[in-house]
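Worksheet: one structure, shown below.
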Amino acid sequence: MQIMADRDAVNSNAAYVRRRAWIAEYFDRTAATAWAQLTSDAPVSAVRRSVRAARDRMRGTLSGWMPEDLQGMRVLDAGCGTGTLAIELAARGASVVAIDLSPTLTDLARERTPLSLRSQIDFRSGDMFDPSLGLFDYTVAMDSVIHYRAAEMLEVVSSFRARTSRAVLFTVVPRTPMLSVMLTAGRLFPRSSRSPSIEPISDGKLREGLRQFERAGWEMRRSKRVSGGFYNSQAVELAHRGLPPSEEFA
């Protein structure tokens with residue numbers, strides 16, 4: 001019942017629903033080709049190379065916070081994009097549900113998955129809060145909640161936590177003075193083709209927001225910032241206090 005309550009809380013948030021529709025439109029139509037190129041070995045500009053390298057480091061950070069041996073574990077890759085992380089986790093033994101709002105990207109992810117791993121990854125396009133997805137040991141959301149304001153983002157994380165037994169790993173955009181200036185300028189001069197805006201959050205507001213989960217036995221255990229070129233993101237681990245010590249410090 002709690003899982004359904006958390007899902008309903010997210011989907012009843014009108015601002016969240018509007019933003020989700022905007023994100024789906026952007027990534028499925030406007031940005032699909034660019035993301036396919038960025039997440040491949042294809043030649044890209046120097047700026048995109050720096051973003052690609054930084055995203056690789058971020059993916060390594062998040063995957064490194066899970067056990068190397070994921071045999072018997074179920075993982076949700078929320079906002080899987082072109083499937084790079086899902087494929088890596090499946091190669092380590094996990095059964096992965098990889099879901100994204102963009103059918104174009106999930107189709108590409110299926111094509112990129114080695115035949116030997118296809119039985120371990122269930123690629124879907126649609127709602128990452130669908131109760132039919134079931135329960136998970138780990139949930140990973142890399143750069144997929146950064147477009148939501150703090151209150152909406154915390155509702156999303158709460159929904160993930162309600163159906164995850166070990167840890168929810170996600171990224172946020174840290175608020176910096178320079179980024180605040182850039183975002184303000186961007187909002188003063190909007191463009192019709194503009195991508196969904198990112199919503200930075202200060203470290204203090206993030207920690208304050210995550211404290212609401214402490215009574216349920218969850219805590220913010222690790223955090224790491226990854227920067228490169230125009231990419232600046234912060235990895236966060238919200239873990240259950242019952243996580244075995246051997247995994248807690250892996």
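The values are calculated or read from the model by the stated rules, or taken from the named source; none is laboratory data. Nothing here was measured: the structure is a model prediction, and the numbers come from that model. Because the Cβ atoms are built from the backbone with ideal geometry, glycine has one as well, and the counts that use them run over all protein chains shown.
Checking segment 60-76 against the condition returns no match, with no residue being in contact with a helix residue (DSSP H, G or I) (Cβ under 7 Å, 6 or more places away or on another chain) and modelled with pLDDT under 80. If you take the residues in segment 86-99 that are surrounded by fewer than 24 Cβ atoms within 10 Å (Cβ to Cβ) and of a type in the set (A, V, I, L, M, F, W, C), which one is nearest to D143 (Cα to Cα)? The extreme case among them is I99.
Within segment 129-161, the set of residues being surrounded by 19 or more Cβ atoms within 10 Å (Cβ to Cβ), out of contact with any Lys or Arg (no Cβ under 8 Å at 6 or more places or on another chain) and farther than 24 Å from R57 by Cβ comprises L154, E155, S158, R161.
Scan segment 143-171 for residues that are over 18 Å from S95 (Cα atoms) and either in a loop (DSSP other than H, G, I, E, B) or touching a Ser or Thr at 6+ places or on another chain (Cβ under 7 Å) (or both) and jot them down.
Our first condition is that a residue be over 18 Å from S95 (Cα atoms); within segment 143-171, this holds for 143-159, 161-162, 170-171.
D143, S144, V145, I146, H147, Y148, R149, T171, listed by residue number.
Taking the conditions (1) hydroxyl-bearing (S, T, Y); (2) without any contact (Cβ under 8 Å) to a residue 12 or more places away in the chain; (3) assigned to a strand (DSSP E or B) in turn, T139 satisfies each one other than (2).
Selection within segment 196-213: residues that are outside any helix (DSSP H, G or I) and out of contact with any strand residue (DSSP E or B) (no Cβ under 7 Å at 6 or more places or on another chain). The member of this set that is farthest from D143 (Cα to Cα) is S202.
Here's a check for you: in segment 223-238, which residue that is in contact with a Leu (Cβ under 9 Å, 6 or more places away or on another chain) and within 20 Å of V156 (Cα to Cα) is surrounded by the fewest Cβ atoms within 10 Å (Cβ to Cβ)? Show your work before the answer.
Here is the first cut: in segment 223-238, the residues in contact with a Leu (Cβ under 9 Å, 6 or more places away or on another chain) are 223, 232, 234-238.
Now restrict to residues that are within 20 Å of V156 (Cα to Cα): 223, 234-238.
Numbers: S223: 14, Q234: 22, A235: 23, V236: 23, E237: 21, L238: 21.
Among those residues, the one meeting the criterion is S223.
Hey, can you tell me all the residues within segment 38-77 that are acidic (D, E) and in contact (Cβ under 8 Å) with a residue 24 or more places away in the chain? Break it down stepwise before answering.
Initial filter on segment 38-77 (acidic (D, E)): 41, 56, 68-69, 77.
Passing the criteria: E68, D69, D77.
Of the listed requirements (1) in a helix (DSSP H, G or I); (2) among the small types (G, A, S); (3) modelled with pLDDT of 65 or more, A42 misses just one: (1).
Within the bounds of segment 105-128, is there any residue that is of a type in the set (G, A, S), surrounded by 20 or more Cβ atoms within 10 Å (Cβ to Cβ) and outside any helix (DSSP H, G or I)? First the steps, then the outcome.
Our first condition is that a residue be of a type in the set (G, A, S); within segment 105-128, this holds for 109, 116, 119, 125-126.
Checking the rest, the ones that are also surrounded by 20 or more Cβ atoms within 10 Å (Cβ to Cβ) come to 109.
Next cut, outside any helix (DSSP H, G or I) only: none.
Scanning segment 105-128, I find no residue that is of a type in the set (G, A, S), surrounded by 20 or more Cβ atoms within 10 Å (Cβ to Cβ) and outside any helix (DSSP H, G or I), so the answer is no.
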